[in-house]
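Where a number appears in this text, it was derived from the coordinates with a stated rule and is not lab data. Just so it is clear, the model here is predicted, and its values are computed rather than measured. Counting neighbours? That spans all protein chains shown, and the Cβs are built from the backbone with ideal geometry, glycine included.
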Amino acid sequence: MPHSMLAVWLPRSQLSPLPAAQPLAWLFDEGSLTRRLTALSHDAFSVTPLFEGWQVLRDDECATLQLPTGSEGWVREVYLRGHGKAWVFARSVAARSALQDGGLNMDELGSRSLGELLFCDQAFQRRAIEVCHYPRQWLPAECQASGLWGRRSRFDRGALSVLVAEIFLPALWHAACATEENS
């Protein structure tokens with residue numbers, strides 16, 4: 001995977017044109033995505049870990065976490081599922097130094113949601129949400145598609161920063177549309 005390829009992450013104020021109303025509402029929702037997916041799925045929500053381990057972070061991740069290019073960090077990639085369908089691909093990264101000193105055991109989450117952990121810990125400060133069309137090469141092979149909206153935000157607690165990216169997959173929009181039609 002070429003690390004030089006950059007996604008252009010933008011805050012809402014710089015997005016033009018804006019996405020349609022439904023993706024826009026999900027992309028910039030300040031609440032817990034885990035809770036929103038749990039509600040949409042009527043509690044049929046699950047997390048499937050795809051990869052967890054140390055790897056060299058992408059250039060855009062290093063820049064956002066204020067790390068030197070080529071820094072190693074903890075990477076956690078999961079699917080957030082509703083009714084067993086992959087609705088969101090999530091990638092969370094943190095610097096090795098911050099994790100070793102920061103007391104967050106990302107490696108012990110298993111099938112629990114990192115987002116829920118971040119929202120439950122009042123010490124974490126969430127920075128502004130940024131969005132982009134997520135590069136298809138960065139997605140797992142089975143869900144690669146062009147033009148998928150992703151969002152990311154950085155959560156800070158002291159010296160610890162965790163960058164969480166969430167990419168909304170087509171199955172989520174189908175489920176959300178079906179729910180809206182039935183309500």
Condition (residue is over 15 Å from the mean Cα position of the chain (by Cα), part of a loop (DSSP other than H, G, I, E, B) and surrounded by 16 or more Cβ atoms within 10 Å (Cβ to Cβ)) applied to the stretch 35-52: is it met by at least one residue? yes
When you look at A98, is it closer than 18 Å to D156 by Cβ, in a helix (DSSP H, G or I) and small (G, A, S), yes or no? yes
Cβ-Cβ under 6 Å, sequence separation 6+ or interchain: first residue in the stretch 35-58 and over 18 Å from L117 (Cβ atoms), partner in a loop (DSSP other than H, G, I, E, B) and aromatic (F, W, Y). Which pairs? none
Does T69 satisfy the condition of being out of contact with any strand residue (DSSP E or B) (no Cβ under 7 Å at 6 or more places or on another chain), among the β-branched types (V, I, T) and within 24 Å of S161 (Cα to Cα)? yes
In the stretch 35-51, which residues are acidic (D, E) and within 24 Å of R127 (Cα to Cα)? none
Within the stretch 25-34, residues in a helix (DSSP H, G or I) and without any contact (Cβ under 8 Å) to a residue 12 or more places away in the chain come out as A25
Condition check for C120: out of contact with any Ser or Thr (no Cβ under 8 Å at 6 or more places or on another chain) and touching a residue at least 24 places away in the same chain (Cβ under 8 Å): no
Just to be sure, is V78 surrounded by 12 or more Cβ atoms within 10 Å (Cβ to Cβ), of a type in the set (A, V, I, L, M, F, W, C) and touching a Pro at 6+ places or on another chain (Cβ under 9 Å)? yes
Based on this model, can you work out whether R81 counts as in contact with an Asp or Glu (Cβ under 7 Å, 6 or more places away or on another chain), among the charged types (D, E, K, R), within 15 Å of E166 (Cα to Cα) and free of Cβ contacts under 8 Å to residues at least 60 places away in the same chain? no
Looking only at the stretch 23-34, and only at residues there that are surrounded by 14 or more Cβ atoms within 10 Å (Cβ to Cβ) and touching a helix residue (DSSP H, G or I) at 6+ places or on another chain (Cβ under 7 Å), the one that is farthest from D121 (Cα to Cα): F28
